[in-house]
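Chemist: Sharing a structure, written as structure tokens. Questions coming.
Laboratory data are not the source of any read-out in this text; all were calculated from the coordinates shown. A quick note: this is a predicted structure, and the numbers were derived from the prediction, not measured. Don't worry about glycine lacking a Cβ; one is built from the backbone with ideal geometry, like all the others, and counts go over all protein chains shown.
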Amino acid sequence: MLTVNGVEVIYSKVILVIKGISFEVPDRQIVCLLGANGAGKTTILKAISGLLKAELGVITDGHINWDNRRIDRMRPEEIVGLGVVQVLEGRRLFRHLTTEDNLKTGAHIRKDHAVKRDIDMVYELFPRLNDLKKRTSGYLSGGEQQMLVIGRALMAKPQLILLDEPSLGLAPMLADEILKKVKMIQTEEGTSFLLVEQNAKATLEIADYGYIMETGRIVFEGSAEQLINNEDIKEFYIGLSELGQRKSYREVKHYRRRKRW
Amino acid sequence: MDMFIQLLISGVLVGTVYGLIALGFVLVYKSSGILNLAQGELVMLGAYICYTGINVLHLNIALAFLFTFAVSGVMGIVISRVAIRPLVGQPLLSVIMMTIVLSIGLRGIAILAWGAETEGLSIFGHSYYHIAGAVVSEQSIWAFALSVLAVVAFALYFQKTKGGRAMRAVAEDQQAAQSVGIKIINVFDHSWLIAAVVGALGGILLASGSGVSIELSHLGLKVLPVVLIGGLDSIQGAIIGGVIVGIAENMAVGYLDPVVSDWGLVGGGLRNVFPYILALFILVVRPHGLFGQKRIERI
Ligand SMILES: Nc1ncnc2c1ncn2[C@@H]1O[C@H](COP(=O)(O)OP(=O)(O)OP(=O)(O)O)[C@@H](O)[C@H]1O
Ligand SMILES: [Mg+2]
């Protein structure tokens, strides 16, 4: 179980981006983190995975525990070693490497000999990748690339995947397919997920629990069901009014000004 | 025609050694974005270390090679940890300055330790062979063969092993590499280790023809036109660029120097200048060199 407790993050010594956040990701659950652009979702994922340090970001307050061990001072490779792996936003694969070599790099921290078998498991999960084994990964389609970065993370045998906007820029059908696979990984492998998404509706369908973030704070939380049925959430993040119509950006913005969480 | 073939073949033979040395330069650039302006000194020191192994420690040639690789490798790692690591994340200029400081420092150490004289390093036989109408020395054949062997060994390491994959991953996306648990600074260490070892081998091979002296550090700086031509971040570009520079300088000596002398100018200097002129032309047409920066952009 991951617990984030009162975490505050400052970039470049002055830019306060996360203003004291607490939440948890229980084992074998999908917890989603929703919120507008710039809310700090990616930042909090990087704080957990240790990647923040490379970006001049510092956790200035609070702590992060994974299975009762404090991980906020650890280096990224140590955190990966403990079973927590981040899938970065924007399909960051190693573009000049083949599909299969990308998967192999995912197993970098492992010393066991079952890597080959796990590669086959990834191919079973994403059959499309099986046909593209030897292909230079930079030439894969957007959806295939997203499958590959998730597959690459699986190669580390993680217990928790920090998944940042997997459906970004994908056609709705493909986005749904990716999210279905996430659900499948959770049920079959028992992996837990901290899932950041813009696509609130589809995400809440697979998530167990969710948090809503706004400019560095958590403003609302609840089970997926509670969130789906909450009128305000519908308004802001699913974009549907009671009439079932899409709200225009301006209307939502206006509404947002009137009503603060 | 005979002369052309002669120049071509000796150009290719020495060019592979340049390619080998440039490979070390490119590797450091690819993994850490650092222009290692001390690569020439690593070349020079390799030759001195081998010279010491043979003439002071009285090692046989094979052991002297291994001795050189070991000492150079350790030196590469020490440089990476002591000089480069503290600068990770600092502005590019400070890192480049550091490599310049390194190059001056290493040259100073070499002068202190070995003096400024040119010493012979005759580790290969002195026979000559006729190949396709050209006369080639045993030394240059060895230099070619060992360079090719080293390049092939490196290519296998780079393509087929876990360490090589980690290097390629870091070269492409440092943050993504960190996200899968690759320890970036280890990869930097590896790249400096390899740069030092291939540089040292290049140094031994060059010195086996020209002798050991401080001058080798300038010879080592031939990596600059080589990587400008091949592309700073391309391994294959380094090798091909090396061969091109080897051929180009030989052709300059054979065909251009006499012309320049006819004009009443002092010939003989074109050997070192011509590769840069060539690099300039290539950069005008292809700003990233022949093989550089082939980014795959597909979102
Ligand atoms: N390295 C950095 N240095 C300074 N500020 C940063 C840095 N990275 C992010 N920020 C700022 O921190 C805030 C939160 O960014 P973050 O990427 O975490 O948001 P996000 O919720 O993931 O947004 P999106 O949905 O657009 O991905 C933004 O205002 C951003 O400009
Ligand atoms: Mg983000």
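Chemist: Determine, for A:Thr60, A:Thr42, A:Thr136, the number of other Cβ atoms within 10 Å of each Cβ, and report the residues in order from fewest to most. Could the numbers behind the result be given before it?
Modeler: Values: A:Thr60 12, A:Thr42 22, A:Thr136 16.
Result, fewest neighbours first: A:Thr60, A:Thr136, A:Thr42.
Chemist: Which value, in Å to one decimal place, does the Kirkwood hydrodynamic radius take for region B:40-136 when every pair of different Cα atoms is included?
Modeler: On the way: mean 1/r = 0.0633 Å⁻¹.
This gives a value of 15.8 Å.
Chemist: Additional query: For the protein assembly as shown, what is the mean residue ellipticity at 222 nm derived from helices alone (per DSSP H run of n ≥ 4: -39500 (n - 2.57); sum divided by total residues; nearest 500 deg cm²/dmol)? It would help to have the intermediate numbers written out before the result.
Modeler: Working: 23 runs with 300 residues, N = 560.
Value at 222 nm, helices only, nearest 500: -17000 deg cm²/dmol.
Chemist: Same structure again: Ignore the peptide's own chain and count Cβ atoms of other chains within 10 Å of each Cβ in B:167-176; give me the average, rounded.
Modeler: Working: counts 0, 5, 10, 2, 3, 8, 5, 1, 8, 14.
Whole-number average of other-chain Cβ neighbours for B:167-176 is 6.
Chemist: Then there is this: In chain A, if the dipole is taken from +1 on Lys/Arg beta carbons and -1 on Asp/Glu beta carbons about the Cα centre, which of A:Ile150, A:Val4, A:Met74 is farthest to the positive end?
Modeler: Sorting the options by dipole projection puts first A:Met74.
Chemist: In what sequence, highest mean first, do B:122-130, A:95-103, A:164-172, A:72-80 appear when ranked by Cβ atoms within 10 angstrom?
Modeler: A:95-103, A:72-80, A:164-172, B:122-130
Chemist: Continuing with the same structure: Quick check: the angle from helix A:142-154's long axis to the longest principal axis of chain A, C-alpha only, nearest 10 degrees?
Modeler: Helix A:142-154 sits roughly 70 degrees off the main axis of chain A.
Chemist: Using the alpha carbons of chain B, what is the convex hull volume per residue in cubic angstrom, as a whole number?
Modeler: Spread over its residues, the Cα hull of chain B gives 157 Å³ apiece.
Chemist: Relative to the compact globular guide of 2.2 N^0.38 Å, what is the alpha carbon radius of gyration of the protein assembly as shown, as a ratio?
Modeler: Taking the Cα Rg and dividing by 2.2 N^0.38 Å, one obtains 1.18.
Chemist: Per 10 Å bin, what percent of the C-alpha pairs of region A:2-229 does each bin hold, from zero upward?
Modeler: In whole percents, the pair-distance histogram is 8, 34, 37, 18, 2.
Chemist: Relative to the first principal axis of the alpha-carbon coordinates of chain A, what is the inclination of helix A:249-258, with its axis defined by its Cα atoms, in degrees from 0 to 90 and to the nearest 10?
Modeler: 60 degrees
Chemist: Enter the mean number of other protein chain beta carbons within 10 Å of the beta carbon of each residue in A:92-98, as an integer. Walk me through the numbers before you get to the answer.
Modeler: On the way: counts 6, 4, 10, 7, 7, 6, 0.
The shielding value for this peptide is 6.
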